[in-house]
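See structure below.
The values are calculated or read from the model by the stated rules, or taken from the named source; none is laboratory data. Note that the structure is predicted; figures quoted are calculated from it, not measured. Cβ placement follows ideal geometry from the backbone for every residue including glycine, while neighbour counts extend to all protein chains displayed. For the accessible areas, the whole protein counts, side chains as well, though only heavy atoms, and no ligand, DNA or RNA atoms are used. Shrake-Rupley method; radii C 1.70, N 1.55, O 1.52, S 1.80 Å.
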Amino acid sequence: MSSLLGVAAFAVLLTLLLGLVRVLRGPQAADRIAAAQLLGTTGIAALLLWGAAVGSATHTDLALTLAVLAPFATIAMVRKEPGE
Amino acid sequence: MIVDLALVGGILALALGVLVARQAFAAVALFIGYGLLLALAWGRLGLMDVALTEAAIGAGLSGVLLLAAARRLSAAPAQEDSPPGRVTRALIGAGCAILTCAVGAAVLLLPDAPPGLAAEVAANQRATALGNPVASVLMAFRGLDTLLESAVLVLAVICTVALAPDQGWAGPPGAPQPQADGPLALLARLLPPLGIVVAAHIFWIGVDAPGGKFQAAAILAAMWLLPWMAGIAPAPPIGTRALRITVAAGPALFIAVGLLGAMLTGAFLAWPSGFEKPLILIVEVALTLSIAAALALLVMGPRT
Amino acid sequence: MSLLADAFTVFCVVAGIGFFAAGTAGLLRFPDTGSRLHALTKADHLGLGLIVLGLLPRAEALGGAFRLLAIWGLVLLASAATGPLLARIAQRRDPPA
Amino acid sequence: MTADVYGLLGAVLTGLGLFGMLVRTEPLLRILAFNLLGGGVFLVLGAIARRGAGAGFAADPVPQAIILTGIVVAFAATTIAVALLLRLAARKDDA
Amino acid sequence: MTGWSMLPLLAVMLPVLGMVLAPALGARGAERLTLALLPVGFALALGTAAAVQALGVPLVHHLGHWTPPLGLALGADGIGAAMLLTSTVVVAGVAVFARAGFGTSLGMPERRAAFAFWPLLLAIWGGLNLAVTARDLFTLYVALELLTFAAVPIVCLDGRRETLAAALRYLLFALLGSVLYLLGVALIYGAAGTLDIGLLAGRLAATPPVLVAAALMTAGLMAKTALLPLHLWLPPAHAGAPAAGSALLSALVVKGSFVILVRLWAGVLPPSPAAMQALAGCGAAAILLGGVAALAQTRLKLLVAYSTVAQIGYLVLMFPLLAVPGVAEKAWTGGVLQAVSHALAKSGMFLAVGLMTERLGHDRVADLAGASRVAPRPLLAFGLSALTLMGVPPSGGFAAKWLLLSTAIEAGQWWWGLVILTGGLLTGGYAYRVLSAALRAGPAAAAPLPHDSRDTVALGLALLALLLGMLPLASFGLLQIGRVGP
C-alpha cells in the first residue's frame, strides 16, 4: 500500500511539473500567479500522499504550513494597490 | 531517484526563468514557484525543519514582499546601471561556469566518510531536554547563533525604519492599504484565527519534531499581514512604545537568560540544570512573538 | 475491513490524481486566461478533496484526520476568496478583442 | 546519491545566481538572483547535512540549524534591499 | 580562567543588548545608554588585554559549557584584544562627536536619523567585537552580516538619492561577499566536520573542496574588506555617509572582514605561497592605484575614501611574510599595527574633514583656502592623521610600515618594500594637496571661533594614532599571543 501511495505522490508531482510550463509561459501575470497557486495545491497533495506513504506526520505539517501561506502570493497580487 | 531528477529539472527551469524574465512580475511569480519546489526538495533531502522554513518564507513572506515591490516598481522604476557589454558578459558567464564546476567538483570530492556531528548531537541531546535535534542545536549547542540571528532581525527592522522619509517616519509602517471588500475581506477575517492555531501547533511540535519558533513566527507574521493588506487592520505607528518593546523583548530576554546562566553556572547561555525545558520554552515563546512582529514589519517595509 | 478501506483509498486517490491531471491539462491547453482559471479551481477543490478523503481512513488518530480536513478547508477558503478577484484582474487586463 | 544530485543542483544555482547578480541591470532582478545564489549555497550545505546522516537522524542536525539561521538572515537582507530599492525609486520621482 | 574569559564575551554582548533595547528606549534613551556603555566597554576591553597579557595564552569561553566541535567558543587572543581596544576607542570618539548631530535634547521630538544612528553605532561596535572574538566560522558569518546591516543604512542616513544608490550598491556587494564566504564555510564543514578555528588549525589538508572553499572565502572577504579589485563600492559609500558614519565605516567595518581573513590564512587554511603573493599583489595594486585615484579627486571626502582603499592594501602585505620563519613575528606586528593605527588615524581624519566641510560649507579641495582660519584644529587633526597614513616617524603608521618594509627586505621580497615607499610618497602627495590648499589665506573669518568639543575628538584620535608609534616595540608582545605560525 505505501509503495502505491508513493507512486501516487510521484504522479501528482508529475502534474505539478507540467503545470510549471504555464508559470514559465504566462503570458499574463494572472496566468502565472494562478499556475503558481495550482503548484501550491498540487504540492500539498503530493506531500500528503508522500507523508502517508512513509508514515510521517511531519509531511502533513509541511502541507499545513503551505496551505496557510500559499494564498498570500495570490492575495498580494489581487488586492487593491494604494491609489488604485 | 527519478523523483529527485524531476524535481531538480523543475527547479532549474524556474531558476533559469527568473534569470531571463523580461518583466519583474514574471520573475517574481517564477521565484514563488521556485521557493515551493525548493521546499519539496528539502523534504526529499530529509531536512524537514528547513522545508518548513522554506515553505513559510519562500512561499509566504517573500512572495508578498517581492510582488508588492514589483507592483510599486512597475509604477516608478528604479534607476538601472548600464548593462555590461557583450565581452564582459561572456567573461562573467565563463567565470560563473568555472564557479559552478569548482563547487560541483568540491561537492563530489568531499571525503567518503563524511565527518559530521550527528553522533555528537545524539550523545548530548538528552541534556537539552528537547526531542528535536535541530532545536537542541539552535537553543543549546549553537545558542549564540540563534541569539545573534534574533538580534539581526531587530537590526533589520531598525534599517527599514531608517529608510523612511523624514516626514512622518514614526507613523504606521508601509504604504497605507486601501480597504478591501467582498471575498478578500472575508478571508482576512476568517483565516487569522485558524492560522494562529496552526502557528501554535507548529511551535509546539517543534519541541520534539520538525517545526518550531521561527516557522511559527513566520505564520503569525502572515496572519498579521493579511488583515493589514486587506485594509481592515491598520498597522500601529512605529513610534508606539508597545510595538518597539514587542520587537525587542525576545532577544533581550534571551540575552538576560544567557547572563543568568553565566552568573549561575559560569558559562553564558548555559541553561541551569533542571530548568532547561521551561526556560527554553519561555525564551522561545518570547522569541516567537518578537520575530513575528519583526518579520511583519520587515514585509510592510518603511513608511512611504 | 482493511481491504475495503484500502480499496476506498485507492479509488479516491486515483480519482483525485485524475482531477489534478485534468486541471493541469486545462491550464495548459485552454486558450484564454478566464477558462484556464476555471480549470484550475476545479482541480484545486476536487482533486485535493478526493485525496484528503482517500487518506482519511489511514490517518493515525483523530488529530491526523483533523489536520487533513483543515488543510482541505484552508485551501478551499483561500481559493474561494482569491478566485473571483483573480478572474476580475484577468478580465480587466485582457480586454476581449 | 540523493545528496550529490542536490549538491550539484546547488552548484548550478550558485553559478546562475552569481551570473544574474552581475549581468542583470534591474535591481529587483539582482535581488532575486541573490536569492537564487543563496538557495544554491543552502542546497550545498543541505547536501552536506544529508551526507552526514547517522545516529538515527535523517540528516546532520548541525548544518540544518545553520541553514535555518542562514535563511532568516538572507530574508532580512532581502527585505532591506527591497526597502532601499523602493526608497530609491520613490526618490527619483521627487527629483 | 573562566572568569577572565567572560570579559570578551561581555564586550560583545553589551553593545548587542544595547542595540536590541535601543528602539524601545527611543532616540534619547539610546543615546544615553550608548554613552553609559562606553566606559564599561572600555573597562572590558582593557581588562581583556590585561588578562591576555598576564596569562600569556588566549582567553576562551565555551558557551553553555559545550565544547567545540559541538558547541561554540568565543574568546580573545592578542589581535582580538588589540582590536577590542581599538573599536572601543573609535566608537567612543565617534559617539561623543555625534552628539552634536544626532543628539536629542530633553523635550525634543524623536528624529529619524537619531533613532537610527545610536543602535547602528552599537551594532557596529558589537559586530566588530564579535568578528574579532568569535572562534566559529559560521558565527563569524553572522558577525559579518551584523556589520553589513549596520553599515548600509549609515551610508544613506541623509536620504539623498546619491547616497541611497551608493548604499544599494554597497549592500549588493556585501551580500555577494558574505554569501561566497558562507559557501566556503559549507565546504569546510563538509571536509572537516567542524567550524571551530581552534580545531581546524592544522587539520585541513589541501584537498579540492578545501581549496575551492579557500578561494570562495578569500574572494568574499576581499569584497567585504574592499580590497582592490573588489573596492568599487567603497568610495561612494564612505564619502556619502555623514562624517561620524564615514569614520566608523572606514576605521572599523572593513577591519572585521580583514581580521577574519587573517585568522583564516594564519592558522586555518593550508598554507599557499602563491595565494599569499596574489593577495599581497592585490594589496600593492590597491596602494598604488588607490593613491593615484586619491591624488586625482576634487572632493575632500572622496579623497579620504580613496585613501582608505590604498591603506587597506597595506594590511594584506603581511600575508606572504607570515610564512617566513624569523620575520613572521615582526610582519604580524606590523600588519596588526597598521590596522589599529589606520583605524585611529582615519576616524580622526574623517571627523576632521566633516568639521572642515561644515565650517566652509563645501568639500572642494581646490577651494579649501581659509580652512586654517575657520577650522584650525580640524586641519591640525587632518595633518597629524596624514603623518600616520604616510608612515612618517614617530607615528603608529611609521612603526607599522617600517616593520612591514624591513621584514619584506629580510624575507628577500624587496618588491613589497618598493610599493610601501611609493605608497608613502603618494600619500604625501595627496596630503600635501589638501594642506597646501587649506593653508592659503582665504576670506577672513568673520567671528572668533567658538569652542567645539568635536575638534578635540578629531584631534584626540589623530594624536592617539601618532602616540602609538612612541610605544616601545617590546610592548607589542601582546599581539603575538595566540598567533599560529612560525
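State all residues of the range C:23-38 that are free of Cβ contacts under 8 Å to residues at least 24 places away in the same chain and either of a type in the set (Phe, Trp, Tyr) or surrounded by fewer than 21 Cβ atoms within 10 Å (Cβ to Cβ) (or both); if no residue qualifies, say none.
Within the range C:23-38, C:25, C:26, C:28, C:29, C:30, C:31, C:35, C:38 meet the criteria.
Is it fair to say residue B:264 is free of Cβ contacts under 8 Å to residues at least 60 places away in the same chain and either in contact with an Asp or Glu (Cβ under 8 Å, 6 or more places away or on another chain) or in the same structural domain as residue B:160 (by TED's automatic domain parsing) (or both)?
When the stated conditions are applied, residue B:264 passes them.
Which members of the range B:190-209 meet the condition of being more than 9 Å from every other protein chain (Cβ to nearest Cβ) and either at pLDDT 90 or above or touching a strand residue (DSSP E or B) at 6+ places or on another chain (Cβ under 9 Å) (or both)?
B:192, B:193, B:196, B:200, B:203, B:204, listed by residue number.
Could you identify the single residue in D:29, D:43 that is at pLDDT below 95 and in a helix (DSSP H, G or I)?
Going through D:29, D:43 in turn, just one is at pLDDT below 95 and in a helix (DSSP H, G or I): D:29.
Quick one: residue E:99 ticks every box in (1) open to solvent by 10 Å² or more (accessible area, probe 1.4 Å); (2) within 14 Å of chain B (Cβ to nearest Cβ) bar one, so which box is it?
(2)
Could you please tell me which pairs satisfy a Cβ distance under 7 Å, a separation of 6+ or placement on different chains, a first residue in the range E:223-250 that is at positive phi, and a second residue that is surrounded by 24 or more Cβ atoms within 10 Å (Cβ to Cβ) and β-branched (Val, Ile, Thr)?
Pairs found: E:226/E:254; E:226/E:309; E:226/E:312.
With the structure loaded, tell me whether residue D:83 is more than 12 Å from the chain's Cα centre (by Cα) and either more than 7 Å from chain B (Cβ to nearest Cβ) or open to solvent by 10 Å² or more (accessible area, probe 1.4 Å) (or both) or whether it fails that test.
Answer is no for this residue.
Results for (1) at pLDDT 90 or above; (2) open to solvent by 30 Å² or more (accessible area, probe 1.4 Å); (3) of a type outside the set (Ser, Thr, Tyr); (4) outside the structural domain of residue B:144 (by TED's automatic domain parsing), shown as yes or no for each residue.
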| residue | (1), (2), (3), (4) |
| --- | --- |
| B:212 | no, no, yes, no |
| B:246 | yes, yes, no, no |
| B:253 | yes, yes, yes, no |
| B:268 | yes, no, yes, no |
| B:291 | yes, no, yes, no |
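Are there any pairs, at least 6 apart or on different chains, whose C-beta atoms fall under 8 Å, with the first in the range E:322-351 and under 17 Å from residue E:264 (Cα atoms) and the second open to solvent by less than 10 Å² (accessible area, probe 1.4 Å) and not in a helix (DSSP H, G or I), and if so, which?
E:331/E:318; E:332/E:318; E:335/E:317; E:335/E:318
Table: residues versus (1) more than 24 Å from residue B:140 (Cβ to Cβ); (2) part of a helix (DSSP H, G or I); (3) open to solvent by 10 Å² or more (accessible area, probe 1.4 Å).
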site: E:67; (1), (2), (3): no, no, yes
site: E:80; (1), (2), (3): yes, yes, no
site: E:86; (1), (2), (3): yes, yes, no
site: E:108; (1), (2), (3): yes, no, yes
site: E:125; (1), (2), (3): yes, yes, no
site: E:129; (1), (2), (3): no, yes, no
site: E:149; (1), (2), (3): yes, yes, no
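Go through the range E:272-382 and tell me which helices (runs of 4 or more DSSP H), entirely inside it, have 2 or more residues that are in contact with a Leu (Cβ under 6 Å, 6 or more places away or on another chain) and open to solvent by 30 Å² or more (accessible area, probe 1.4 Å).
Passing ranges, in order: E:273-296.
Only one residue in E:187, E:157, E:216, E:172 is within 11 Å of chain B (Cβ to nearest Cβ), touching a Lys or Arg at 6+ places or on another chain (Cβ under 8 Å) and closer than 29 Å to residue D:32 by Cα, so which one is that?
The conditions single out E:172.
Select from the range E:35-65 the residues that are within 14 Å of chain B (Cβ to nearest Cβ), in contact (Cβ under 8 Å) with a residue 60 or more places away in the chain and touching a strand residue (DSSP E or B) at 6+ places or on another chain (Cβ under 7 Å) and list them in ascending order.
E:60
With (1) under 24 Å from residue D:3 (Cβ atoms); (2) more than 7 Å from every other protein chain (Cβ to nearest Cβ) as the list, and residue B:95 as the residue in question, which single condition is left unmet?
(1)
Those residues that are aromatic (Phe, Trp, Tyr) and over 19 Å from the mean Cα position of the chain (by Cα), I need them from the range E:327-359; list them, please.
Answer for the range E:327-359, where residues must be aromatic (Phe, Trp, Tyr) and over 19 Å from the mean Cα position of the chain (by Cα): there is none.
For every residue, the table says whether it meets (1) out of contact with any helix residue (DSSP H, G or I) (no Cβ under 7 Å at 6 or more places or on another chain); (2) at pLDDT 90 or above; (3) of a type in the set (Gly, Ala, Ser).
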{"residue": "E:371", "(1), (2), (3)": "no, no, yes"}
{"residue": "E:388", "(1), (2), (3)": "no, yes, no"}
{"residue": "E:398", "(1), (2), (3)": "yes, yes, no"}
{"residue": "E:405", "(1), (2), (3)": "no, yes, no"}
{"residue": "E:420", "(1), (2), (3)": "no, yes, no"}
{"residue": "E:424", "(1), (2), (3)": "no, yes, yes"}
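Select, from B:144, B:148, the only residue that is without any contact (Cβ under 8 Å) to a residue 60 or more places away in the chain, within 14 Å of chain E (Cβ to nearest Cβ) and under 30 Å from residue E:30 (Cα atoms).
That would be B:148, the only listed residue that is without any contact (Cβ under 8 Å) to a residue 60 or more places away in the chain, within 14 Å of chain E (Cβ to nearest Cβ) and under 30 Å from residue E:30 (Cα atoms).
If you check B:212, B:168, which single one turns out to be within 17 Å of the chain's Cα centre (by Cα), more than 7 Å from every other protein chain (Cβ to nearest Cβ) and of a type outside the set (Phe, Trp, Tyr)?
Criteria check complete, one pass: B:212.
When the range E:7-34 is examined, which residues are found to be crowded, with 24+ Cβ neighbours inside 10 Å and within 8 Å of chain B (Cβ to nearest Cβ)?
Listed by number, the residues that qualify are E:9, E:13, E:16, E:17, E:19, E:20, E:22, E:23.
For the range E:174-228, enumerate the residues that are under 22 Å from residue B:104 (Cα atoms) and not in a helix (DSSP H, G or I).
Within the range E:174-228, E:193, E:194, E:195, E:204, E:205, E:206, E:207 meet the criteria.
Those residues that are touching a Ser or Thr at 6+ places or on another chain (Cβ under 8 Å) and either at pLDDT 85 or above or on the phi < 0 side of the Ramachandran plot (or both), I need them from the range A:51-69; list them, please.
Answer for the range A:51-69, where residues must be touching a Ser or Thr at 6+ places or on another chain (Cβ under 8 Å) and either at pLDDT 85 or above or on the phi < 0 side of the Ramachandran plot (or both): A:51, A:52, A:53, A:54.
Name the single residue, out of those in the range B:103-113 being within 7 Å of chain E (Cβ to nearest Cβ) and surrounded by fewer than 20 Cβ atoms within 10 Å (Cβ to Cβ), that is farthest from residue D:44 (Cα to Cα).
B:111
Looking at B:89, B:126, which is the one that is within 30 Å of residue B:269 (Cβ to Cβ) and basic (Lys, Arg)?
Answer to the selection: B:126.
Can residue E:181 be described as within 12 Å of chain B (Cβ to nearest Cβ), crowded, with 24+ Cβ neighbours inside 10 Å, on the phi < 0 side of the Ramachandran plot and among the hydroxyl-bearing types (Ser, Thr, Tyr)?
Judged against the criteria, residue E:181 is not a match.
Residues of the range A:23-69 being open to solvent by less than 10 Å² (accessible area, probe 1.4 Å) and among the charged types (D, E, K, R), which ones?
Scanning the range A:23-69 gives A:31, A:61.
Of the residues E:397, E:391, E:412, only one is surrounded by fewer than 17 Cβ atoms within 10 Å (Cβ to Cβ) and among the small types (Gly, Ala, Ser); which?
E:412
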